[in-house]
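Colleague: Below are the structure tokens for one structure; questions will follow.
Values in this text are rule-based calculations from the coordinates and carry no lab data. Computed from a predicted structure; not experimentally measured. Positions of Cβ are backbone-derived with ideal geometry, glycine not excepted, and every protein chain shown enters the neighbour counts.
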Amino acid sequence: MPLESLSLQLYSVRDAMTTDIPGTLARVAEIGFTQVEASYTTLSSKPELLRSIRANNLTSPTMTSPLCDVDRDAVFATARELGAKTVIETFIPEPRWSTPHDVAHIADELNAAAETAAGYGLCVAYHNHWWELEHRHGGTTALEYLAARLHPEVLLEIDAYWVAVGGENVIELIGRLSDRVHFLHLKDGPINRDNSQQLPAGRGSMPLRDIIDSTPNLRVGVIEFDDYAGDVFEAIAESLCFLTPLVSAR
């Protein structure tokens, strides 16, 4: 289905934000972005980020944050202030996916987070890297083992690139998890772990149009670069240009 909207994951421009948050956000808006995906860690430590998001008329339908072993009330209060609707756990280290017991514990943590989030009118989601696909339990990927133990209201933000790096067919995986997949991280490249080789959308090996079309509950596509060998602002602009025609007019 067509995308409802596009965001920029601000991790992509983290280096620029270390010296000039207002200028970085202004440049993101000038490129044409109307949405960003911000992190709780940066929002809570650098108040100028929220001010800059608002000053540039940017919205943030999603916010990323740790959700395990943290003060969830503080996280969700920040998400409400930001105007986000979904808080996404984006990094649970690889060693914590090694056994079925480990994954079941992660599911318990995310389910508990979702119960707290509901009191704030928010949803919770999980974002993958490659290791949740490489680890397997009970004949399935650790990510699917997790999904089977999550409450129905817990969603997924699938990083399509890392699914491919993890050795799975992205479209087939989304087909198996489609009820939960409401967000996609969209990046391109040669499909390897060398982040500096990532490329603007449409210039790598990822079938991004087909991936988007295969995601029936898709709300937001998030452009992200974990790293880039050139000018990242040029790269995010090129990605936005490639992906914008796939956004519906709704």
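Colleague: Do we find that Gly230 is of a type outside the set (Lys, Arg) and without any contact (Cβ under 8 Å) to a residue 24 or more places away in the chain in this structure?
Modeller: Spelling it out, Gly230 is indeed of a type outside the set (Lys, Arg) and without any contact (Cβ under 8 Å) to a residue 24 or more places away in the chain.
Colleague: If a residue must be within 17 Å of Arg14 (Cβ to Cβ) and polar (S, T, N, Q), how many such residues does region 63-79 contain?
Modeller: Residues in region 63-79 being within 17 Å of Arg14 (Cβ to Cβ) and polar (S, T, N, Q): 2 in total.
Colleague: Now for a different question. Which condition from (1) farther than 18 Å from Tyr120 by Cβ; (2) assigned to a loop (DSSP other than H, G, I, E, B); (3) not polar (S, T, N, Q) is the one that Arg51 breaks?
Modeller: Failed condition: (2).
Colleague: Are any residues in region 1-45 more than 19 Å from Phe91 (Cβ to Cβ), among the charged types (D, E, K, R) and in contact (Cβ under 8 Å) with a residue 12 or more places away in the chain, and if so, which ones?
Modeller: Result: Glu4, Arg27.
Colleague: Taking region 1-52 as the search range and keeping residues that are of a type in the set (Val, Ile, Thr) and within 30 Å of Asp210 (Cβ to Cβ), which one is farthest from the chain's Cα centre (by Cα)?
Modeller: Ile31
Colleague: Only residues in region 123-146 that are farther than 22 Å from Ala113 by Cβ count as the first member; pair them with residues that are buried (at least 21 other Cβ atoms within 10 Å of the Cβ) and hydroxyl-bearing (Ser, Thr, Tyr), Cβ under 7 angstrom, at least 6 apart or cross-chain, and list the lot.
Modeller: Close Cβ pairs (under 7 Å, with a partner that is buried (at least 21 other Cβ atoms within 10 Å of the Cβ) and hydroxyl-bearing (Ser, Thr, Tyr)) amount to Leu133/Thr141; Gly138/Tyr145.
Colleague: Quick one: would you say Gly189 is free of Cβ contacts under 8 Å to residues at least 60 places away in the same chain and surrounded by fewer than 16 Cβ atoms within 10 Å (Cβ to Cβ)?
Modeller: When the stated conditions are applied, Gly189 does not pass them.
Colleague: Then there's this: From the list Val124, Val165, pick out the single residue that is within 18 Å of Ile92 (Cβ to Cβ), β-branched (Val, Ile, Thr) and surrounded by fewer than 21 Cβ atoms within 10 Å (Cβ to Cβ).
Modeller: Being within 18 Å of Ile92 (Cβ to Cβ), β-branched (Val, Ile, Thr) and surrounded by fewer than 21 Cβ atoms within 10 Å (Cβ to Cβ) holds for just one of Val124, Val165, which is Val165.
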